[in-house]
Amino acid sequence: MTATVPGAGPAVLVTGGSSGLGAAVVTAVAKSGGRPYVLDRQAPVDGVPWVECDLADTRAAEAATRQLAEQAGGLDGLVTAAGMDVPGRLVDLPAETWERVVTVDLLATAAVVRAALPYLESSHGTVVTVASTLGVKAVSDATAYCAAKFGVVGFTRALAAELAGSVGVTLLVPGGMRTAFFDERTEQYRPGADAVLNDPASVAAAVLFALGQPPGCAIRELVVCAEQETSYP
């Protein structure tokens, strides 16, 4: 990953960069000498440039991506770490809730990538999309999340074929992590006390590895999870 601005570290845009995996990626990028930029509804750690954005508004997500890319003087990397889930049976979830999950997790991923591509093509940068082990293995009471993350898998594989030779494309498939992702769920949908979850910093290290590949070399897919992850394989 080469810097778009001479004398400055690589510029990496991270969606969902104020918490969870996104925040871990922001920290990893900064520690490696890069320049993280964030799209989120909440502010990231102090000093990180960001734009407030509800990714469910995909046109706003595109505009915010371009705004940060221009502010950074271009982009060397993009990590689409933003995501959400509201588990429940299909007949029980309000249609607006179900569709918001799919929009934030899948359609916003495509929107941000679309807006970032001119900058990434200029720098021969890298996109890392974030799917899930539930993007390759379906479970009950997760139709929206599985639909979205299966979609991210298909989208990213097609994108890699489309951009081969011009932009690096990596699909990240993480297992459960120790983040606030599960905090707002009802008890039945939270990991049990004996659940083994991965450290998001470990997953962020894998993201940094993918971002650091030189032009011409792409890490196409990465599965990163706790050794005892139950949803993979």
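Worth pointing out:
- Some residue of region 113-120 being under 13 Å from the mean Cα position of the chain (by Cα) and among the aliphatic types (A, V, I, L, M): yes
- Region 69-82, subset surrounded by fewer than 24 Cβ atoms within 10 Å (Cβ to Cβ) and touching a Leu at 6+ places or on another chain (Cβ under 8 Å), residue nearest to VAL173 (Cα to Cα): ALA69
- Taken over region 23-39, the residue count meeting the criterion of being crowded, with 24+ Cβ neighbours inside 10 Å and part of a strand (DSSP E or B) is 4.
- If the condition is being farther than 17 Å from ARG220 by Cβ and either hydroxyl-bearing (Ser, Thr, Tyr) or within 16 Å of the chain's Cα centre (by Cα) (or both), then region 134-146 contributes LEU134, SER140, THR143, TYR145, CYS146.
- In region 50-64, the count of residues that are assigned to a loop (DSSP other than H, G, I, E, B), among the small types (Gly, Ala, Ser) and without any contact (Cβ under 8 Å) to a residue 40 or more places away in the chain is zero.
Each reported figure results from applying straightforward, stated rules to the coordinates on display, with no laboratory input. Please read all numbers here as calculations on a predicted model, not as lab measurements. No Cβ is skipped: glycine too gets one built from the backbone with ideal geometry, and neighbour counts run over all protein chains shown.
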